[in-house]
Amino acid sequence: MGNGKSDLALPLSDLEDYGRRLRSLKTRMNHTKKLFESHKDDIGDGSVNDALSDFESKWEDGREDITQQLDALAGMSDAVVREFKKLEDELTKQVDEKMKVEDKRGNKGEKSGK
């Protein structure tokens, strides 16, 4: 404080990217069964495929909770970005309007002085 720096700095592009990355993670996480099945013939050993299938069925139990949490985090990230941009637009609009009022006052003074 007092050093001329803003007290609030928000890397919006990073936050926007965060929401996208969370959704991508969710998508990839929900495709493990297809991934395992696509490599079934490559693995060859039935016990490995059985273990992967067992993992997938047990993973299903926790996946829904994780999916909901990822959706919530991505949604919060989107909301912060959206609201911060709205605030920034409103502040910009207010500054622009203030500058127009000051310009009009400055122009009136110049006309009366001539």
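Quick note: the coordinates plus some simple rules give every number you see, no bench work behind them. Note that this is a predicted model, so its numbers are computed, not measured. Every residue, glycine as well, gets a Cβ built from its backbone with ideal geometry; the counts of neighbours run over all protein chains shown.
Descriptive notes on the structure:
- Around A72: net Lys/Arg minus Asp/Glu count, Cβ-Cβ under 14 Å: -2
- Distance cut-off 18 Å, percentage of C-alpha pairs in segment 1-81 lying past it: 59 percent
- Kirkwood estimate for segment 60-102, i.e. one over the average of 1/r between Cα atoms, Å: 12.9 Å
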